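What follows is a single structure, written as C-alpha cells, with notes after it.
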Amino acid sequence: MSDRSRRSASLYWRVLASSLAVAAAVAVTSGILVSRSWEHQARAGMTSAVTTAARVMIPSVRDTLAHSPTTLAVQPLAAELARAAGCRVTIIASDGRVLGDSEETLETVGEMQNHATRPEVRAALSGGVGTSVRRSATLNYAMLYVAIPVHVGAGAGAVLRLAVPFDAVSRALREIRLHVVASLAVGLLLACLLSAWLTLRLTQPLSRLAHVARSYAA
C-alpha cells in the first residue's frame, strides 16, 4: 500500500471513529432520558389516580373515626372501601397504630407493626401527601403507597393509606425499555452506515488536497 493510501485510510478511520463515538453517545443519552421520562410519567399518573381515589374516601373515614375510632368500627370500613376501589386500604391512627387494613382480619390487624416510621405515613402526619414505592413486607411484591391526612374535628386525626401493586407498571416499563433499546440499536446501525458513507465522501477530497499540498511542499 502506498503512503498516500495509508494516509487516506488513516484519515478515514479517525473521522469515522469520531462520528461513531458521537452517535453512540447521543443514542445512549437519548435512551436514558426517554426511559426516565416515561417512568416518571407512569408513576406520576398512577400516583395521581390513587390520590384522587383516597380523597373520595375521606368523608367515610372521617365520619367513622368521629363516631368510633376503634378497630372494631374501622376494620370493616377498610374492607368495604378496598372492595369498592380495588386496592389495599389502611387506616392509621396519629400514633402509628393500624386501626384497619383490608388485607388483615379483625383478629390480626391489632398485631400489625406500628406504621409511624413509614415514609408516606410520616409525610401524611405532617399534613402533606406521602408516596412511596417499595416491597410490601406482608404481600412480598412491590407496591405504590399513597397516604393522606384525615382531620377529625379538633382531634389528632388519622392517616388514610392506599396501596396498589406496582409490579404491573414495572413490567410495562421494562418492555418499554426493551423497545427503546431495540429502536436505538437500529438507529445506531443506520447512523453507522450513514457515517461511513459521509466520512468516505468527506475524506477523499481532503486526502487529495493533502497530497497536492505535500507535492507542492516537496
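Once a ≥ b ≥ c are taken as the square roots of the eigenvalues of the Cα gyration tensor of the range 29-162, is the result rounded (a/c under 1.5), prolate (a/b larger than b/c) or oblate (a/b not larger than b/c)? Prolate. Surface composition of the range 88-159: carbon and sulfur make up 48 percent of the accessible area, probe 1.4 Å. Taking 7 Å steps out from each Cα toward its Cβ at residue 28 and residue 63 produces label points 5.9 nm apart. How charged is the neighbourhood of residue 123? Take every other residue with its Cβ under 15 Å from the Cβ of residue 123, and add Lys/Arg as +1 and Asp/Glu as -1. Neighbourhood net charge equals +3.
The values are calculated or read from the model by the stated rules, or taken from the named source; none is laboratory data. Since we're looking at a predicted model, the values are computed, not measured. Quick reminder, even Gly has a Cβ in these numbers, built from the backbone with ideal geometry, and neighbours come from all protein chains shown. All accessible areas refer to the heavy atoms of the entire protein, side chains included, with ligands and DNA or RNA removed. Shrake-Rupley method; radii C 1.70, N 1.55, O 1.52, S 1.80 Å.
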